[in-house]
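Colleague: Handing you a structure now.
The values are calculated or read from the model by the stated rules, or taken from the named source; none is laboratory data. Remember, it's a predicted structure, so these values are computed and weren't measured experimentally. Glycine also receives a Cβ, built like all others from the backbone with ideal geometry; neighbour counts cover every protein chain displayed.
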Amino acid sequence: MMAAMGMQMNTPWKPADFFFTFAMWAVMMVGMMTPSAAPMLLLFAAARVGRDKRGLPLTTLAFALGYIAVWASFSVGATAAQWGLHQAAMLSAVMASSSGRLSGAILMAAGAYQVTPWKSKCLTHCRSPLGFLVTNWRDGTGGAFRMGMRHGAYCLGCCWALMCVLFVVGIMNLIWVAALTGFVLIEKIGPAGTIVARVAGTAMFVLGMMAIV
């Protein structure tokens, strides 16, 4: 996969490498987050039908683009982090951390974040799409875009640490990508999402300590 993207593990990145890596992250983030964002997008589209049928596809698209823009920004940061790890020779051939201490630190940080008030607040917003629409409604295409960005910001606040776990399990490990996608869906839609998030956070923290030891 690295060779197909034009990157050799022992050579510096070129601008094209950075671009293709960013594209990989952006596509992967959209693919992973779309299932959990679908209820909000569908509810927004239904609300638009109730208010004004004109311009429905455009405003719904604007909302989706605002959401995607937030995760595209995260993808820039993730690409920069991957570039830094590549430069430091801390990534394996499968694009996973080759350092036990680094892997442990990432898991501990992600696990600790899972039980913070910030995570809880963002998860609450993500689990309440109707409440979000009622309190954040904006008219027009521009308003829809801003709403999408605001929802994306809450979604990012909820899940950014989980996405960083990809540096531990392998950025292109499709099994773990699917597992994390399913976990995010359970967090946001499942009946005990908050409890699941905290239990998983505790488990990640313990695994991180074990990795460091």
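Colleague: If I ask for residues that are in a helix (DSSP H, G or I), among the polar types (S, T, N, Q) and surrounded by fewer than 22 Cβ atoms within 10 Å (Cβ to Cβ), which ones from region 114-130 would you list?
Modeller: S120, T124
Colleague: All but one of (1) over 28 Å from L58 (Cβ atoms); (2) in contact (Cβ under 8 Å) with a residue 24 or more places away in the chain; (3) surrounded by fewer than 18 Cβ atoms within 10 Å (Cβ to Cβ) hold for G111, so report the exception by its number.
Modeller: (3)
Colleague: Any chance you could count how many residues in region 15-31 are buried (at least 19 other Cβ atoms within 10 Å of the Cβ) and closer than 18 Å to G66 by Cβ?
Modeller: 2
Colleague: For residues that are surrounded by fewer than 19 Cβ atoms within 10 Å (Cβ to Cβ) and in a helix (DSSP H, G or I), scanning just region 134-148, find the one that is modelled with the lowest pLDDT.
Modeller: Among them, the one singled out is G140.
Colleague: Being at pLDDT below 95 and at positive phi narrows it down to one of G131, G170, so name that one.
Modeller: G170
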